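The values are calculated or read from the model by the stated rules, or taken from the named source; none is laboratory data. What you are looking at is a predicted structure, and each value in this text was computed from that prediction instead of being measured. Cβ placement follows ideal geometry from the backbone for every residue including glycine, while neighbour counts extend to all protein chains displayed. Just the protein is used for accessible areas: all its heavy atoms, side chains included, with ligands, DNA and RNA removed. Shrake-Rupley method; radii C 1.70, N 1.55, O 1.52, S 1.80 Å.
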Amino acid sequence: MEVSELQALTVKARQLRDDAIETIGTFGVGHIGGTLSVIDALTVIYYSKAKNLDPKNPHRPDRDRVIMSKGHAGPAMYTVLADLGYFPKEWLGTLNKNGTNLPSHCDRLKTPGIDMTAGSLGQGLSVAVGMALAAKLDGNPATVYCIIGDGESQEGQIWEASMYAGSKKLDNLIVMLDYNKMQLDGKVSDINDLAPVVDKWQAFGFFVQDIDGHDIEAISDAIDRAKTSGKANMIILNTVKGKGASFAESAANCHSMTITEEMWRKETGRYDA
């Protein structure tokens, strides 16, 4: 990766973090932890790797797909899509409010640019596998990215989908595990441990990479390697829940938390003139 691109993506990731913090802070409460832990991955995907994305034609058939299976990270998707022009940035101020097009969890019928409606955890990977298989059958060049959570990975449907994807060698599928090691009510290791996570995904026939999920260059390189693996792909993103917000990173559990105006303005440095 060129130094100039790395610098630009790093700046963009920080801006998107601040947008997400402000968006959730304006509503006053929300899923800040899992939103901020995936910002770096989304930055690399949307601003560097994804092909044939068109805000004016969000259903373009040959576009790459991005499935946010852990749908409570919807605000991360919204800040990216607003920044790219899929909808007006003013919508960000309506998050979770009555009549909004930006509900807590992603909804493809409400939000332009969303490829799957999320809700019950575990379903997104099945949808992504179906999309990847359909693309293969149609000769469609699309790559399908799917971001799953570590708490979500306790769902059996995740492993049913991965068994199928691995057996069919869906090399146009890139799954990313947001491995921040926390879930709604505690540490993943205390509730239902995923370890050894690398061995498990390899056993299902995936090409597995284990990286720092906040390292822009490492994410970029991992995606490049995935595209030539010849297998279904898993990129394990070792992340920090609430990354980039000091009040969230220091919290015992920031899965969902109250954020005051003072908190988000201090964190982002965004004060009225």
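Could you grab the pairs with beta carbons closer than 6 Å, sequence gap of 6+ or different chains, first residue in the range 208-228 and in contact (Cβ under 8 Å) with a residue 40 or more places away in the chain and farther than 15 Å from Q7 by Cβ, second one assigned to a loop (DSSP other than H, G, I, E, B) and open to solvent by less than 30 Å² (accessible area, probe 1.4 Å)?
Qualifying pairs under 6 Å: G213/T239.
Every residue in the range 117-135 that is of a type in the set (A, V, I, L, M), open to solvent by 30 Å² or more (accessible area, probe 1.4 Å) and not in a loop (DSSP other than H, G, I, E, B), please.
Answer for the range 117-135, where residues must be of a type in the set (A, V, I, L, M), open to solvent by 30 Å² or more (accessible area, probe 1.4 Å) and not in a loop (DSSP other than H, G, I, E, B): V127, M131, L133, A134.
Does Y86 fit the bill of being at pLDDT 95 or above, open to solvent by 10 Å² or more (accessible area, probe 1.4 Å) and under 25 Å from D150 (Cβ atoms)?
no
Which residues, taken from the range 7-60, are hydroxyl-bearing (S, T, Y) and crowded, with 24+ Cβ neighbours inside 10 Å?
Those that are hydroxyl-bearing (S, T, Y) and crowded, with 24+ Cβ neighbours inside 10 Å: T23, T35, S37, T43.
Go through the range 32-116 and tell me which helices (runs of 4 or more DSSP H), entirely inside it, have 1 or more residues that are of a type in the set (D, E).
In the range 32-116, 39-44, 74-84 are the helices (runs of 4 or more DSSP H) which contain 1 or more residues that are of a type in the set (D, E).
Restricting attention to the range 136-154, and to residues there that are in contact (Cβ under 8 Å) with a residue 12 or more places away in the chain, part of a helix (DSSP H, G or I) and open to solvent by 10 Å² or more (accessible area, probe 1.4 Å), which single residue is farthest from D171 (Cα to Cα)?
That would be Q154.
Yes or no: S69 open to solvent by less than 20 Å² (accessible area, probe 1.4 Å) and either in contact with a strand residue (DSSP E or B) (Cβ under 9 Å, 6 or more places away or on another chain) or not acidic (D, E) (or both)?
Taking the combined requirement at face value, the residue satisfies it.
Has the range 194-203 got at least one residue that is open to solvent by 80 Å² or more (accessible area, probe 1.4 Å) and either on the phi > 0 side of the Ramachandran plot or of a type in the set (S, T, N, Q) (or both)?
yes
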